[in-house]
Amino acid sequence: MKTKNRRSPAHLYACLILTGLLLVAVIVNIYENLAIGVTHYTLANAKLPVDFEGFRVVQLSDIHMITSPSEAQIIYQKTLKQHPDIIALTGDLVDTSGYNNEEYRTMTVDFCRELCTIAPVYYVYGNHEIMLLDDPENNTFKCQLESVGVQIFNNSHTTITKDGMTFE
């Protein structure tokens with residue numbers, strides 16, 4: 001005679017708890033990957049001209065393509081609230097999985113155009129750009145960004161000016 005394999009209520013509760021914990025971990029992971037964090041740092045450097053006291057830099061990194069107007073608006077508003085003197089895009093503005101999507105590239109360029117209305121925007125390539133842009137100096141994406149006001153640095157530098165004082 002066969003007997004049914006019945007599990008104890010404790011076993012079922014343990015499975016429910018583990019499933020719940022797994023679900024929470026997945027949700028937290030998704031949130032952490034999609035959330036936009038703001039961290040403030042105050043730096044002191046005796047070599048900076050006195051006019052640069054209070055100079056604000058917003059650094060945006062690892063955007064990996066703008067894929068919706070709402071995403072662009074969230075980042076734009078968070079940037080605007082910081083009242084930056086300059087905006088630094090420090091790599092991975094594009095993404096290998098979305099770069100061939102014309103709509104994403106257009107939204108990304110449009111987003112950068114909007115950032116340029118807040119403050120001067122400076123951009124350096126990240127590893128995704130290096131993989132995607134066959135010619136870092138003469139490619140359509142670079143030309144589009146420059147046409148909306150983004151200053152791109154590839155083995156180059158610039159001088160920052162504030163109230164007649166410069167910093168290089």
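In this entry, Cys112 passes the filter for residues that are at pLDDT 95 or above and touching a helix residue (DSSP H, G or I) at 6+ places or on another chain (Cβ under 6 Å). Taking the criterion of being in a loop (DSSP other than H, G, I, E, B) and either in contact (Cβ under 8 Å) with a residue 60 or more places away in the chain or open to solvent by 50 Å² or more (accessible area, probe 1.4 Å) (or both), the only residue of segment 65-80 that qualifies is Thr67.
Every residue, every condition in (1) among the charged types (D, E, K, R); (2) at pLDDT below 85; (3) touching a Ser or Thr at 6+ places or on another chain (Cβ under 9 Å); (4) surrounded by 10 or more Cβ atoms within 10 Å (Cβ to Cβ), yes or no:
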position: Ile17; (1), (2), (3), (4): no, no, no, yes
position: Val26; (1), (2), (3), (4): no, yes, no, yes
position: Ile30; (1), (2), (3), (4): no, yes, no, yes
position: Ala35; (1), (2), (3), (4): no, yes, no, no
position: Pro49; (1), (2), (3), (4): no, yes, yes, yes
position: Arg56; (1), (2), (3), (4): yes, no, no, yes
position: Ile63; (1), (2), (3), (4): no, no, yes, yes
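Taking the conditions (1) open to solvent by less than 60 Å² (accessible area, probe 1.4 Å); (2) not in a strand (DSSP E or B) in turn, His83 satisfies each one other than (1).
Scan segment 93-127 for residues that are open to solvent by 30 Å² or more (accessible area, probe 1.4 Å) and closer than 18 Å to Asn154 by Cα and jot them down. Once the filter is applied, which keeps residues that are open to solvent by 30 Å² or more (accessible area, probe 1.4 Å) and closer than 18 Å to Asn154 by Cα, segment 93-127 yields Pro120, Tyr122, Val124, Tyr125, Asn127.
The values are calculated or read from the model by the stated rules, or taken from the named source; none is laboratory data. Computed from a predicted structure; not experimentally measured. Please note: Cβ atoms are built from the backbone with ideal geometry, for glycine as well, and neighbour counts cover all protein chains shown. Note: accessible area is taken over every heavy atom of the protein model, side chains too, but ligands, DNA and RNA are not part of it. Shrake-Rupley method; radii C 1.70, N 1.55, O 1.52, S 1.80 Å.
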